[in-house]
Structures are given as C-alpha cells and as structure tokens.
Amino acid sequence: MTIGIIGGGLSGLTAAALFAKQGTPVTLWDAGLLGGRATSQTVKGFTFNYGAHAIYGRDQSILRKLTKQLGIEVTWLDFSASRAKYEFSGHLTAVPANAWGLLKTEVIEGTNKVRFTWEIIKTILRVERGDPLQSIGQWLKTERVDEQVAQLMLDLASTNFFTAEPEKIPSDVYFEYYQKLFRTRKPVSYIEGGWQGLVQELERIILENRGEILKKTKITAVESTMTGFLVRDRKKQEWNVERIIFAVPPREILKMATPTVIQRFVTPYASHEPVEVFVYDLGLHPYIQTPYSYIYDRSHRAFITDLSHYDTSLAPKDGQVLQAIAYLEHDRLDDPDYIGHVRTGIEQMLDVHFADWRQRIVAERTIKRAVVQEIKWKMGQTPLATHIPDHAGVAFVGDWCEGTGQLSELAFSSAVSVFNRWT
Ligand SMILES: Cc1cc2nc3c(=O)[nH]c(=O)nc-3n(C[C@H](O)[C@H](O)[C@H](O)COP(=O)(O)OP(=O)(O)OC[C@H]3O[C@@H](n4cnc5c(N)ncnc54)[C@H](O)[C@@H]3O)c2cc1C
C-alpha cells in the first residue's frame, strides 16, 4: 500500500509519521514549509508561536500516547495553577483550576462552590451527559443551574474551546469533553520551544522511516485511477498512490479538482463557521515581574499569558514574551470597528496588569483573525467524518474532523483514527 497525504500541518504530519513508522511508503505534500497553523516565528530574537500551543489535560491526552508510540521527545512545561488569575470586579482572583483554586476563588460564593463541585462529580461519573439537541446554554437554563455556577461552567468552555460563544456548544459535546478533562492532574501544559519542536520531531520520524516530504508543493488536482489516485501539483508534476489522505481544510479541498464523490462529501463542511481569535504577541525587555502568569478577563473575552515564565527559550536574556488572545464573535466580524475595539480591550488589560509594557516593546506581532479550529462546535455544525462510506481509499484528517478533544487534539486523534482503521 502506498499513501499520499496532502497537507503537512499537525494532522498530516501525524498520519505520515504513524504510517511511515509502521513501514508503509508515504509521500506528504505541503503548500508551505510544514506545520500549517502550528508554526513559530522569530522576531528580533523573540519566538512567537502561531497559536497558544497549550495542551489541556496532557495526562489524559491523545498526544501523550502518540509521543510514546512514535518515540517523540517532548519537554512539557506545566501551568502553575496558583499563578492563574481571573479578572473579577476590578481585581484578580484565583482560577478554580483545582481544589485550592476553588477554595480561594471569588468568582463563586460558598454554597455555589459546593454546587460547582457537585456538577464536576456528576460530569466525571457520567451522570450528566447533556443532550445533542440542546446547547449547553439551553441545558443550563432547563436544569435551572444557579447563575454563578452556570457562568463559571461557560467561562471554562470559553478557555478550552477558544470561543466567545460558549453557550452555543452542544451540551453532549460539553459533557464528553469535561468528563475527561475534570479527571486531569495536568490541566494545562506547554511544549518547550513551541509547536516547532513537535513539528521537527514528526518530520524526523517520517524521514528516518523513508517517508517522502515535499515542501512548497501545492496540490491542485486529485484524480481516480484503476489502482488508486493520481495527484498533481500546480507545476503539473504527478504522483500515483494507492490511497489518499486529505489533511487540508474542506474549503481548500474544494479549490482542488477532485472526483465528484469527494466534492459532494466535503461541500457542506466548507461553509461551516470557524473558531477565530485576535492574537497580540509581544517581545518585551526588560522582564516585567508579576505574581501571575495567566489572566482571563471575562468582560473582554481575552486572556494574557506570560509565556516566558514557562519557557525561557522564547526570549533573549532578561526578555519576556507575552501572548494576548481574544475570542472573536463571528457575527460582529463585518463591523469595521470591531477588531479595533478588541485590540483596545487587550491594551487596557495590559495597562492594568503589565504597567509599563509600552515602554518595553522590542518586538510585536498582531494577527487580526487567526483560525484556531476550522469548524466551531456549535449547534447546527458537525465535524467532517474521517471516511466516505464505500470509498475505502480516501480519508480526511484535521481539526475540522471527527475525533476526541478539541483544537490540535482533533488533528492528532483524527490521524490516529485513520491509522487504526487502515492497519
Ligand atoms: C491562534 C491560535 C491558537 C491556538 N491555540 C491552540 C492551543 O492552545 N492548543 C491547541 O491544542 N491548539 C491550538 N490551536 C489549534 C492548532 O494550531 C490547530 O488545531 C492545528 O495546528 C491544526 O492542524 P491541522 O493539520 O489540522 O491543520 P493546518 O495546520 O491548517 O494544516 C493544513 C496544511 O495544509 C497545507 N495545505 C493547504 N492547502 C494545500 C494544498 N493545496 N496542497 C498542499 N498543502 C496544502 C497548509 O500549508 C497546512 O500546512 C491554535 C491555533 C491558532 C491559530
């Protein structure tokens, strides 16, 4: 069996590494330089990741199994819960990320802490499973969950699903996700060196196992043949493979000439709404020392992470990398003033919590609309299946696909699912 993989983001690289390591000949094409949305960029000595590269519940995560299976070296940098704060009524309070945080936090009061703990227990025990026909917002109303507890449950979802509209998440998706995450002892961890370290490791596994990687090779057409598929790039180079994995988003697949069955299968997903954020990366010098390294502000739907606190390799000596991310409301994106308003909100947060930041800027980068996840989990939207019924030689992987977890976990888990099915 020979496999062609179109797309070298985390999903395509994972699929290629798994098959190559198992001895299957693979060819991977990427229009760019590998990594896709999981890349890092160095500006004046400061490393900015395209993305927050946080892995939630790494002890429960698919990435943990994957790194073992592939023999990948990842250095984990675990989040300090005691340095994580919520902005609450003009001051900072503990994030209820663990029992200590729940005890200390002011975002919910005494009896509500017990109610919130009860919701956690019910979720872990699968007493609460939600309803696919109800969003979590509707579910919280139907179940008459106390206002403070409901708000906290939605805040959690904002941070894990990167969404400004957590109430729209299907309630069954919500409970399935937290059933796993509430059991974790490692709520948030970063990968040392950013995504780039992981991308390089996956590339190493593919090449060491005789896989072929073709960078800067944009695929424009895929045709069915008697034995499989013919793949063509924009320079009219051609390859023959027996099976094909699309590791590019549905809207990119539609730009290629592909057999009608693939076009028809993918079309409904290409118009689904993505999860989008505003990102502001800052390289500062000298370092601003604070007792916190993460702040979430509900009123701005934004968070700031002092990444240098975890990863000293990101900045030159005495320098600091701060990353601010605001969750965008899709329906407001047509308003020309909206992004400016979001940016002002972030600047206000920086003024309050990292006073003097403006005088210390050495490098900065703004991404006005970054796609965190190609298909948002909201009522009326479903992810793409990894296989087309009755077309065994075609598969799809990516964070727009069915899988477990959210964000990059969907990229990893969809790749693992295709590997398991084909081996
Ligand atoms: C700002 C931001 C913050 C994030 N934070 C987190 C986080 O904290 N935790 C987390 O887990 N995830 C996070 N993510 C999400 C994570 O980065 C993505 O889920 C993951 O990178 C998606 O990988 P993928 O392979 O599914 O897709 P992509 O990265 O989109 O890969 C698609 C690849 O296909 C290639 N391609 C496209 N068209 C063609 C073509 N015609 N021919 C050949 N190649 C083609 C592209 O070059 C690209 O490399 C974040 C993302 C962003 C943007």
Given (1) buried (at least 23 other Cβ atoms within 10 Å of the Cβ); (2) within 13 Å of the ligand (Cβ to nearest atom); (3) in contact (Cβ under 8 Å) with a residue 60 or more places away in the chain, index of the condition TYR50 fails: (1)
Counted residues, segment 161-189 - those being within 22 Å of TYR310 (Cα to Cα), modelled with pLDDT under 90 and not aliphatic (A, V, I, L, M): 4
Residue that is farthest from PHE162 (Cα to Cα), among those in segment 404-414 that are within 10 Å of the ligand (Cβ to nearest atom) and not charged (D, E, K, R): SER414
Looking only at segment 241-259, and only at residues there that are modelled with pLDDT of 95 or more and more than 10 Å from the ligand (Cβ to nearest atom), the one that is nearest to ALA15 (Cα to Cα): ILE245
Extreme residue, modelled with the highest pLDDT, among residues of segment 1-33 that are surrounded by fewer than 23 Cβ atoms within 10 Å (Cβ to Cβ) and of a type in the set (A, V, I, L, M): ALA31
Looking only at segment 176-217, and only at residues there that are within 13 Å of the ligand (Cβ to nearest atom) and at positive phi, the one that is surrounded by the most Cβ atoms within 10 Å (Cβ to Cβ): GLY194
Unmet criterion (only one of (1) assigned to a loop (DSSP other than H, G, I, E, B); (2) touching an Asp or Glu at 6+ places or on another chain (Cβ under 9 Å); (3) within 23 Å of SER61 (Cα to Cα)) for ALA97: (2)
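The values are calculated or read from the model by the stated rules, or taken from the named source; none is laboratory data. Treat the numbers as computed from the prediction; the structure is a model and nothing was measured. Note: ideal-geometry Cβ built from the backbone for every residue, glycine included; neighbour counts use all protein chains shown.
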